[in-house]
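Have a look at the structure below before the remarks.
Every number here is computed from the coordinates shown, using simple stated rules; none is lab data. These numbers were taken from a predicted model, which means no experiment stands behind them. For neighbour counting, all protein chains shown are included, and Cβ atoms are generated from backbone atoms with ideal geometry for every residue, glycine included.
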Amino acid sequence: HLIGENRNTTIIDGNNAGDVVKIIADDVSIEGFTLRNGEEWNAGVEIYYSDNNSIYDCNISNNGGVGIGLGSSYNNSIYNCNFMNDGIVIEGDGLSHFIHNIYNNTVNGKPLLYYKNEKNIVLDGNAGEIILANCSNFEIKNMDINNTDIGMEIVYSNKIKVYNCNITNNDDGIWLVYSYSNSIYNCNITNNDDGIGLDSSCNNNSIFNCNISNNNYDGIYAYSSSNNSIYNCNISNNSYKGILLGYSSNNSIYNCNISNNNYEGVYLYEASNDSIYNCSFINDGITIWGYEFSYYIHNIYNNTVNEKPLLYYKNANNVVLDGNAGEIILANCSNFEIKNMDINNTDIGMEIVYSNNVSVCQSSFSGDLAGLVYFNSSYSKIYNCSIYNNTYVGIYLRGLYNGSIYNCNISNNGEAGIEIGYVYNSSIYNCNISNNDYGIGIESSYNSSVYNCNISNNNETGIELGSSNNNSIYMNNFINNNDNVISYDSSNTWHSPSPITYTYNGNTYTNYLGNYWDDYSGNDNNGDGIGDTSYYIGESDYDYYPLMQPWENYMTIPSSLDEAVDNTYLTWSTGGDASWFEQTDVYYYDGDSAQSGDIDDNEESWISTDVTGPVNISFYWKVSSEEGYDYLRFYIDNIIQDEISGEVDWTQCTYYIPSGTHTLKWSYDKDVSISEGYDCGWLDKVELIYGQHSTVYVNNDYNSNTPGWQYDHFDKIQDGIDAVAENGTVYVYSGIYYENVVVDKSINLIGEDRNTTIIDGGGIRDVVKVTADDVTISGFTVQNSGSDWPNAGIKLDNIRNCRIENTIASNNDDGIVLWYSTNCSITNTTVSNSEYGIVLWYSTNCSITNTTVSNSEYGIYLSSSTNCSIIKSMVTNNNYYGIYLCYSTNCSIIKTMMTDNSISITGNSIAHWNTHTIDTSNTVNGKPVYYWKNVNGGTVPSGAGQIILANCTNVKIENQNVSDATMGIEIGFSSHCSITNTTASNNEYGIWLWYSTNCIITNTTVSNNNWYGIELHSSTNCIITNTTASNNEYGIWLWYSTNCIITNTTASNNYDGIRLDYSTNCSIINTTVSNNDCGIYLYSSTNCSITNTTVSNNNWYGIVL
């Protein structure tokens, strides 16, 4: 007991160094002090993992972090304290951590209001701080709360209305934790650290008509929270993000003005299926980030950035965007042409993820946090663009394959001009990269090239490479950078890949060419323009051919053939008697084309590339020649496919390239005499097009002798998918196919017979992974996925409108997984011998019909899913859960038969329990399931196979025998219900109460259940009396429960007889606990009592505290 003489004159001053007082023991009391000047982020009093302490009659002021912090602690008392510019902050991972005795305190001269377990209260005006724990139906209005730690802390509470309040200059304005169905409106929330926080499963809350501005960190943040709405708000001038949604889904932001936040306007971090619409962004925008494709699929529409459209496309193809956008986001898109854009003063000018064949040209990006971001994309290019004055990076590329940046000015960006990571087979050329902090940063990238660039006047480094190999950097100018180059853990080539013929000081030479370094001090004794000694790069890298002058002085820059034919992804070569070249006078597309060289009679000029099939190639060609004598010809592997002669205008040709690598050649050939016309050929717009057949056939007996081999007949399913057109059909004949198949387009994948058409994953990855909408899979056995979660027999990954029919999934880690998917169906399917039979994860409007799920660890698992249905199905002999509704809402289970399994419901919101449709057409071991929701009074009919009560009051369960199921009896968010004269045996769980109050279990037997005989989870004022719990893993378990009583009960022959975890004020009275491994185990529980109880013959411990 620490006692001060006088609270006003007995002062402990932390002198801004750490906590003033830190309590780590239990049963400590402090009175009569002034506690002030704790260090920033520290406390006047820090109570951490410490219980039953008292702080009273103290002045607590001006501490840098919090006045009093309660962290993961129980049953502490704070009273008669005056807080000045301070308050109380409570943290923990269960309701009991927030239940304390806090009363008669003031904050800045106004009452500190703390309520626990209260309902139906109106708070009008006059509070210095408000804390609610496990409360409902409160109105909080007309408050002016400022200069405290957290203006309002609302935890484990629901139906709280906060309106007409002014919350300013606090550490945090309003903080909700584990709370749902609350509303905050007509409030001014400004100049706090964070404005509003929704933390840890805060769902179905609304924030509207609020001004949330000038906060030091985020205006609004939500972590792991879903189905919240933010609308009609002004969110501006916050120092970090306007709105942050982290690990959150199904939230809506609409009709908001979001402006001038220092970082992102809206930041979606590993979030999914959120909606943003009808919002106006000024000097702000939307940023999306995450390492899985599903994190980029949202509903974003009808928004503007700086009064120009915010364009968001997902799963779109073949689009031209010409001018007029404030921000552009593409997710899973292909074949986009974006041009003539002027995008400035937003978050990311253009974000392109999981997309291919996206070109950006003749556009400018300035004043953004980042100009352009490409993530996990391929075959894309940026050219003829200006990217300047962006806060962090001009262009950021991560996970890019076969991309190119050329003819761009990239300057005056805050951190890096170009930053790339995990990039392969890409190129940067003909760019000016200057006046950035770093010119080019390259990390973990391979087989790419940087050439013909001016890299100058960058504040830190011209080019920096880390853990990158086999790249080519040549014919660049490095001038006036603080460091021209830094290279570590890398091995690259710093000269041209092959010798180049060039002119220098009037003489012609052929040699490799390196880079121009303004700090190179070597000599050039032979005058060829190449230094006689190497330039040291770092570690084992050297530029062996350093240039004596900037590269422009060495040669007339050769035209780029890949740009001329609009295909920078292929490697082009040219030869014959004269080379093809780029020109801009004659073209079909994009202002240039390739033209054959100037040749004489009996000569040829050719251009060639190698292509790996299966793929279709499309190109445009044109000729002007002596008709019938001089030809432009096209060859595949030196076999002529077509030829044109005379005056032939631009014509499109398309050819199928079978599997393997093939050489394509276009050759202009002249005969022995006479020239007519322009005497040349042209080539333009060469494209690779995958999948053009409406039906393809797969048989593992097909081979090169099969008609249509590698055209529309294949021996591998993946080859068939690659070759088929959108909305086409891949028909697979019976056989065993050892593959891991990816379906990335809308098709029908049909097997001949589900018993004999087998796809075997070989114990790795997903057997079939679907990443496209509108796919049908029917007639297969899929087996032997990888063993790492969530490898599956079939996985639908963030897609819509897919159907799995007449299929067998067996011996997989997970049988079938629907991951963030919508409007999908599983019909007439059998799933067995998996860890999880069927998983619906954050999915909506999906159905499982006429399906059997058996002999798995878990049968059907719906997690955070909505409006899903299980109809006319069989769920049998799964080891743990039969059907598990976990944090899911509005689901239906109809006419489903369960044997040795049943239904389980979990969730910390009442909507997780009482929004389902589950009728008595469902049976457990041939007896009906009684699911009652929102019922007041009545007795459950006898003969039940399983009983579930959701939000019920005064319901009686009597004389039942619920056995051989997953869950015998489950009661959630209910009160004053009773279980009497009932047997629950041989289940996984006998009786389970969640978030329920004033319930009684009497004269009941729970035995031989694999886990809990009886569990009370987060329940209050419940009684277990005259009950026997025997031969269970845990006889009776109270978890985060309060004021519960176990009396006149026997707990025997269990692993733990009675166990209390994180529970408070519970009593064990007149009870016999014997022949268990551990008799009574109290873990992190407080103020509990054991009275008149016999504890005997337990194998290990009688009582553990």
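For the chain, the equivalent ellipsoid derived from the Cα gyration tensor has semi-axes of 64, 40, 24 Å, listed largest first.
Protection proxy ranking of 286-299, 165-178, by the mean of other Cβ atoms within 10 Å over each peptide's residues and highest first, is 165-178, 286-299.
Fewest neighbouring Cβ atoms within 10 Å first, the residues H100, H693 line up as H693, H100. Subtracting the Cα-Cα distance of N525 and M874 from 0.36 nm times their residue separation leaves 117.0 nm of extension gain.
Shape class for segment 754-797, computed from the alpha carbon gyration tensor (a ≥ b ≥ c): oblate, with a/c not under 1.5 and a/b at or below b/c. Which percent of the Cα-Cα distances in segment 564-689 go past 18 Å? Counting every Cα pair in segment 564-689, those more than 18 Å apart make up 48 percent. Couplings for segment 1086-1091, taken from phi via the Karplus curve 6.51 cos²θ - 1.76 cosθ + 1.60 with θ = phi - 60°, read 10, 6, 9, 10, 10, 10 Hz in order; Gly and Pro are left as x. For K745, a cut-off of 28 angstrom between C-alpha atoms picks up these lysines, skipping any fewer than 8 places away in its own chain: K314, K339, K381, K685, K716, K769, K795. When both segment 641-666 and segment 134-170 are represented by their alpha-carbon centers, they are found 71 Å apart. The lysines within cross-link reach of K22, meaning a Cα-to-Cα straight distance under 27 Å and a gap of 8 or more places when in the same chain, are K110, K116.
The slack in the chain from E627 to N6, taken as 0.36 nm per residue of separation less the alpha-carbon distance, amounts to 212.4 nm. Inter-label distance, E643 to N16: 8.8 nm, where each label sits 7 Å from its Cα along the C-beta direction.
Of the residues L113, L949, L818, the one with the fewest other Cβ atoms within 10 Å heads the list, and the complete ranking is L113, L949, L818. Listed by Cβ neighbour count within 10 Å, with the fewest neighbours leading, S73, S863, S694 appear as S694, S863, S73. Cα gyration tensor of segment 666-767, axes a ≥ b ≥ c as square roots of the eigenvalues: rounded (a/c below 1.5), prolate (a/b > b/c) or oblate? Prolate, since a/c reaches 1.5 and a/b exceeds b/c. In this calculation the C-beta distance from N480 to N1026 is compared with R0 = 56 Å, giving a FRET efficiency of 0.05. Taken one residue at a time, the phi angles of segment 472-485 give Karplus couplings (6.51, -1.76, 1.60, θ = phi - 60°) of 10, 10, 7, 6, 10, 9, 10, 10, 6, 8, 4, 10, 5, 8 Hz. Gly and Pro are set to x. Taking a ≥ b ≥ c as the square roots of the eigenvalues of the Cα gyration tensor, segment 972-1073 is rounded, since a/c falls below 1.5. Taking the centroid of alpha carbons for each part, segment 377-409 and segment 218-259 are 29 Å apart. For K895, a cut-off of 20 angstrom between C-alpha atoms picks up these lysines, skipping any fewer than 8 places away in its own chain: K872, K927, K933. From most to least packed by mean Cβ count within 10 Å, the peptides 631-641, 967-977, 846-856 give 967-977, 846-856, 631-641.
Available extension along the chain between I736 and T1094 is 122.5 nm, counting 0.36 nm per residue and deducting the alpha carbon span. Each of D144 and Y103 was given a label point 7 Å from its Cα along the Cα-to-Cβ line. The distance between the two points is 3.0 nm.
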